[in-house]
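Notes follow once the structure below has been shown.
Values in this text are rule-based calculations from the coordinates and carry no lab data. The shown structure was predicted, so the numbers you read here are calculated from the model rather than taken from an experiment. All Cβ positions, glycine included, derive from the backbone under ideal geometry; neighbour counts span all protein chains shown.
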Amino acid sequence: MTVDHTRAPVLEALVEYRRAGQLSFTPPGHKQARGADPAVREVLGDAVFMGDVLASGGLDDRLMRGRFLQRAEELMADAVHAEHTFFTTCGSSLSVKAAMLAVAGPHEKLLIGRDAHKSVVAGLVLSGIEPVWVEPRWDAQRAIAHPPSAEDFDSAFRAHPDAQGALITSPTPYGGSADLRSVADVCHRRGVPLVVDEAWGAHLPFHADLPTWAMDAGADICVTSIHKMGSGLEQGSVFHLQGDLVPPHLLKMRADLLGTTSPSVLIYAGLDGWRRQMALHGHDLMGGALRLAAEVRSAIEEMDGLHVNDRADFCAPGLADDFDPLPVIMDIAQLGITGYQAADWLREHRAIDAHLTDHRRIGAQLTHGDDEETVQQLLTALKDLTHAAPDLPDAPGVDVPSPSELRMEQALLPRDAFFGPAEEVPVAKAAGRIAAEMITPYPPGIPAILPGERLTEPVLRYLATGHAAGMNLPDAADAELRTIRVTEQHSA
């Protein structure tokens, strides 16, 4: 079949919809902007409303006979070397849950790297899947986690031969990546699928100097957020499938359980347009982004008090297998301030939004959308930060546990703990109790506490001191972290 990547079926259908002057007596109720509030129209522009039409019975007919979405998904699959692709307008938080449900069911085991995103934990709560946690490769010196190795998954499968498959996050938001080909081989020797949460890897298929793309590495399902490192709209996500271990109709059924019946055509159009952009120009765009990132990294490294984590830091023996240089992760410990302080100062005083923030780092995510002007503004702001840092107030210290102290016993299934009888107790009295909630420093969104884990003093102290220092914990039941939700079952 001839594939024409100059086409964008969803975008072309939108053009035709407008040209034909379709008159809608269906949702959305704004009726092509006519009913929208004038003040909203002034801020958003009418183009947003003009592109906001029903997918079925709007952009396409009621039976989707125009196949606009299907053809766009087929083009996407071809562009990234997958056999099947599914679009979703509910973000990769939905996509990864659909992937999990296609691999394992209630009370079945799934191997999962413990550095998984909170959406994976939400999938465990909803599904009743039993997680078998595979430890990340911890860098104790830098207090950072990298994806588990193939050997780690092999050991976990030997201990749990009844596991239905594995899920790994690669690359991480920090840019550390796994040897996915070896992890896939470990799974396939046992006849079970590998799911890769590659939410941060939409750009990977389009340049050889980036870490290996999950589909090229032999993964069975890959979840990707186009809005993160691509140029789609927020919530634009795709999941890709290949091989025969997970039937396409099964994955689609699982996604249908979770997805909206009112998908956003605007988001579909963003996905479709991004695929065309990358299929035609992706190598050049990614090459330009990589060259820009190299310049930025070099310039930041020259600034007093700043160190950019690089391949030598992340890919040392026992750590990550590969490295994405576009998330520019800066260690600011020598400035004597926290990443939380740095991010707040940059936003308030230089109108710069940093991405990742933790007790000693900030991140500046670069994409093909950056240029010399944007990075110069970033570099100037960072230089100003180094000058301002000595005058910033002393920040409370964050008591970061050792890798061995971070690991807690999974005493109950996440689903059972989350939905079971619970009570709130003071954090000071919570050690030894079983958590009934998830508590997640955000970003990057990797939970420090999962439902069903037996709480320990080092982790509780880490979160309490982190909160006092400015850590964002958006999902804690008690926003001030005075109390924590635990099951009514006391420790034995």
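Before moving on, here are some points about what is shown:
- Charging the Cβ of each Asp and Glu at -1 and of each Lys and Arg at +1, and nothing else, the dipole of the range 100-196 about its Cα centre rounds to 120 debye.
- Approximating the spin labels as points 7 Å out from Cα along Cα→Cβ, the E295-to-L257 distance works out to 5.0 nm.
- Cα-based reach from K109 at 19 Å (exclusive), listing lysines while leaving out same-chain residues under 8 positions away: K97, K118
- Once C-alpha pairs closer than 8 Å and six or more residues apart are averaged by separation and normalised to the residue number of the range 280-415, the relative contact order reads 24 percent.
- The range 214-265-the range 415-492 distance, computed between alpha-carbon centres (Å): 31 Å
- Bridging of K383 to lysines at a Cα separation below 30 Å is possible for K228, once same-chain residues fewer than 8 apart are set aside.
- Most to least packed among 260-271, 280-291 [average Cβ atoms within 10 Å]: 260-271, 280-291
- Electrostatic bookkeeping for M438 treats Lys and Arg as +1 and Asp and Glu as -1; over the other residues with beta carbon under 11 Å from its beta carbon, the sum is -1.
- With Cα atoms as the point set, the range 9-277 shows a radius of gyration and Dmax of 19.9, 63 Å.
- Taken along its principal axes, the alpha carbon cloud of the range 201-308 reaches lengths of 53, 31, 31 Å, longest axis first.
- Computed lengthening from D37 to H188, 0.36 nm per intervening residue step minus Cα-Cα distance: 48.9 nm
- Here the extension length gained between S56 and H249 equals 67.5 nm, from 0.36 nm per residue of separation less the Cα-Cα distance.
- Label point 7 Å beyond Cα of V3 along Cβ direction - residues of the range 266-282 with amide nitrogen under 18 Å: 271-282
- For the range 282-391, with +1 on Lys and Arg beta carbons and -1 on Asp and Glu, the positive-most of M286, A388, G336 along the dipole: G336
- FRET efficiency for E405 and A312, using Cβ-Cβ distance with R0 set to 30 Å, rounded to 0.05: 0.65
- Considering only the range 9-277, percent of DSSP beta bridges that pair antiparallel, nearest 5: 45 percent
- Largest-first principal axis extents of the Cα set of the range 403-487 (Å): 31, 26, 24
- On full extension, the segment bounded by A477 and S24 gains 158.8 nm, given 0.36 nm per residue less the C-alpha separation.
- Relative contact order, whole percent, for the range 19-62 stands at 40, derived from Cα pairs under 8 Å and 6 or more residues apart.
- Dipole of the chain, positive direction: furthest Cα of M76, F86, G218, with charges on the beta-carbon: F86
- Antiparallel bridge percentage (DSSP; both residues within the chain; nearest 5): 70 percent
- Dipole orientation for the chain: of the candidates Q32, V10, M471, Q32 has the Cα lying most toward the positive pole (charges on Cβ; Lys, Arg +1; Asp, Glu -1).
- Pairwise FRET efficiency - T374 versus Q334, Cβ, R0 = 22 Å, nearest 0.05: 0.30
- Whole-Hz couplings from phi, Karplus 6.51/-1.76/1.60, listed for the range 443-457; x for Gly and Pro: x, x, x, 9, x, 7, 10, 10, x, x, 7, 7, 6, 10, 4
- Note on the range 326-380: Rg/Rh from C-alpha atoms, Kirkwood Rh, equals 0.96.
- Per the Debye calculation on the range 350-492 with a single equal scatterer at every Cα and no solvent contribution, log₁₀ I(q)/I(0) for q = 0.10, 0.15, 0.16, 0.20 Å⁻¹ amounts to -0.44, -0.79, -0.86, -1.14.
- Cβ charges +1 (Lys, Arg) and -1 (Asp, Glu), total dipole of the range 338-492, debye: 440 debye
- Surface/4 of the Cα convex hull for the chain, nm²: 24.5 nm²
- Shown for V425, V134, V10: other C-beta atoms within 10 Å of each C-beta, ranked fewest to most, produce the order V425, V134, V10.
- Each Lys and Arg contributes +1 and each Asp and Glu -1, all at the Cβ; summed about the Cα centre of the range 282-391, the dipole is approximately 200 debye.
- Between R158 and F419, the C-beta separation translates, for a Förster distance of 51 Å, into a calculated FRET efficiency of about 0.95.
- Binning the alpha carbon pair distances of the range 45-101 at 5 angstrom intervals from zero yields the distribution 4, 16, 15, 21, 22, 16, 5, 1, expressed in whole percent.
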